[in-house]
1. Among the listed residues Gln228, Gln218, which satisfies the condition of being within 21 Å of Ala278 (Cα to Cα) and more than 16 Å from the ligand (Cβ to nearest atom)?
2. May I ask you to list the residues in the stretch 274-287 that are more than 10 Å from the ligand (Cβ to nearest atom) and buried (at least 20 other Cβ atoms within 10 Å of the Cβ)?
3. Of the residues that make up the stretch 190-209, is at least one touching a helix residue (DSSP H, G or I) at 6+ places or on another chain (Cβ under 7 Å), away from the ligand (no atom under 16 Å from the Cβ), in a loop (DSSP other than H, G, I, E, B) and under 23 Å from Arg95 (Cβ atoms)?
4. Is there any pair with a first residue in the stretch 103-122 that is of a type in the set (S, T, N, Q) and a second that is in a helix (DSSP H, G or I) whose Cβ atoms are under 7 Å apart and which are 6 or more apart or on different chains, and what are they?
5. Considering only residues of the stretch 181-221 that are of a type in the set (D, E, K, R) and under 17 Å from the mean Cα position of the chain (by Cα), which is farthest from Phe79 (Cα to Cα)?
6. Report, ordered by the first and then the second residue, all pairs with beta carbons closer than 8 Å, sequence separation of six or more or different chains, a first member in the stretch 168-195 that is touching a residue at least 24 places away in the same chain (Cβ under 8 Å), and a second member that is polar (S, T, N, Q) and within 16 Å of the ligand (Cβ to nearest atom).
Amino acid sequence: MRRRLLRSTLVLAATGAVLVGGGPAALAGGDHGHGRDVQTVHVVGNGTAASVDDDHVHAGTVRFEVSSVAPAFSAVTMFQLKNGATLDQFFDDVRKEFHPTDLSVRAEGTRDARRHATFYGLADVVPGVPLAVTENLRPGTYWLMDLTTPPDPVNDPPVTRFRVTGGGSGGDGSRHADVRVRLTDDRFLAPRVWPRAGTWWLTNADDTLHFMLLQPVQPGTTERQVQQALEASGGGSVGDLADPTRPPVGSEVISPGVRHAVDYDLPPGRYVLLCFVADEGDGMSHAVMGMHRVIDLR
Ligand SMILES: [Cu+2]
């Protein structure tokens with residue numbers, strides 16, 4: 001679900017990574033005080049795997065502090081298997097979704113992944129720019145991985161098992177949200193202006209998988225320019241509109257009905273929200289079908 005994130009990674013790598021004045025070591029300003037009384041799990045992506053400092057929590061509100069030690073980028077993904085699917089089947093679904101040329105295979109990959117797993121995010125992060133993801137989790141077995149690159153054709157990628165047990169309570173972080181975003185009809189419903197640090201609350205109110213990348217773009221970039229750049233690239237990148245001096249971050253893939261809150265602290269400027277999941281019908285990226293929205297962080 002991430003072939004276009006690879007492009008962002010390449011842009012970052014080519015420019016010597018991210019320049020955020022050293023980057024915040026922690027989201028001290030972003031957690032609005034709810035970090036203290038909530039179960040917190042530290043998750044670190046290294047470009048291949050995601051490790052946790054606690055693999056067993058109680059049901060209810062869980063805060064994941066997600067960071068990256070990868071060369072450039074981590075796509076930290078958390079999911080549960082469903083409908084009797086195995087991890088092997090799930091990885092095959094993801095391989096299909098990443099198919100380099102065949103759009104019908106990509107479409108099948110999205111359909112199968114939606115049926116075989118529930119996705120909870122977590123986050124796309126770059127070194128020095130962590131995000132904190134808060135969710136309300138039910139008991140069950142969850143899996144974490146760093147899906148920055150497509151799974152190897154033969155060997156399955158490493159996954160980290162994460163268990164949630166018992167009863168629990170608490171919210172999902174929405175109470176503290178500064179920005180509310182809804183995913184519906186292959187569109188982002190989101191305000192135009194966001195604070196440069198705060199909490200976004202993302203709800204997938206659609207019937208398919210989506211994610212939300214905040215891609216920094218050049219000042220003055222318009223929705224029309226974004227659409228043209230996406231069409232010129234085949235739907236996987238905004239090309240020269242990208243501003244490589246600021247970090248691309250975001251909410252990783254979330255399933256229909258899933259919601260989460262994300263604390264962020266980012267450089268101000270213009271960004272475009274993008275989703276590159278392949279359409280379940282024709283395999284085109286959601287972005288090129290119009291799933292983009294220009295926003296300003298101030
Ligand atoms: Cu989408």
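The values are calculated or read from the model by the stated rules, or taken from the named source; none is laboratory data. All values reported here derive from a predicted model rather than from experimental measurement. Cβ placement follows ideal geometry from the backbone for every residue including glycine, while neighbour counts extend to all protein chains displayed.
1. Numbers: Gln218 fails: within 21 Å of Ala278 (Cα to Cα).
Result of the check over Gln228, Gln218: Gln228.
2. Result: Gly283, single match.
3. Within the stretch 190-209, none of the residues are touching a helix residue (DSSP H, G or I) at 6+ places or on another chain (Cβ under 7 Å), away from the ligand (no atom under 16 Å from the Cβ), in a loop (DSSP other than H, G, I, E, B) and under 23 Å from Arg95 (Cβ atoms).
4. Pairs that qualify, where the first residue is of a type in the set (S, T, N, Q) and the partner is in a helix (DSSP H, G or I), are Thr110/Glu97.
5. Ranking the candidates gives Arg187 first.
6. What qualifies is Val181/Thr203; Leu183/Thr203; Leu183/Asn204; Asp186/Thr208.
Conditions tested, residue by residue: (1) modelled with pLDDT under 95; (2) more than 21 Å from Thr61 (Cα to Cα); (3) surrounded by fewer than 17 Cβ atoms within 10 Å (Cβ to Cβ); (4) in contact with a strand residue (DSSP E or B) (Cβ under 8 Å, 6 or more places away or on another chain).
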{"site": "Ala123", "(1), (2), (3), (4)": "no, no, no, yes"}
{"site": "Val129", "(1), (2), (3), (4)": "no, yes, no, yes"}
{"site": "Ala132", "(1), (2), (3), (4)": "no, no, no, yes"}
{"site": "Pro150", "(1), (2), (3), (4)": "yes, yes, no, no"}
{"site": "Arg161", "(1), (2), (3), (4)": "no, no, yes, yes"}
{"site": "Gly166", "(1), (2), (3), (4)": "yes, no, yes, yes"}
{"site": "Asp172", "(1), (2), (3), (4)": "yes, no, no, yes"}
{"site": "Arg180", "(1), (2), (3), (4)": "no, no, yes, yes"}
{"site": "Leu183", "(1), (2), (3), (4)": "no, yes, no, yes"}
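For (1) touching a residue at least 12 places away in the same chain (Cβ under 8 Å); (2) closer than 16 Å to Val125 by Cβ; (3) part of a strand (DSSP E or B), each residue gets a yes or a no:
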{"position": "Val253", "(1), (2), (3)": "yes, yes, yes"}
{"position": "Val272", "(1), (2), (3)": "yes, no, yes"}
{"position": "Gly283", "(1), (2), (3)": "yes, no, no"}
{"position": "Met289", "(1), (2), (3)": "yes, no, no"}
{"position": "Val294", "(1), (2), (3)": "yes, no, yes"}
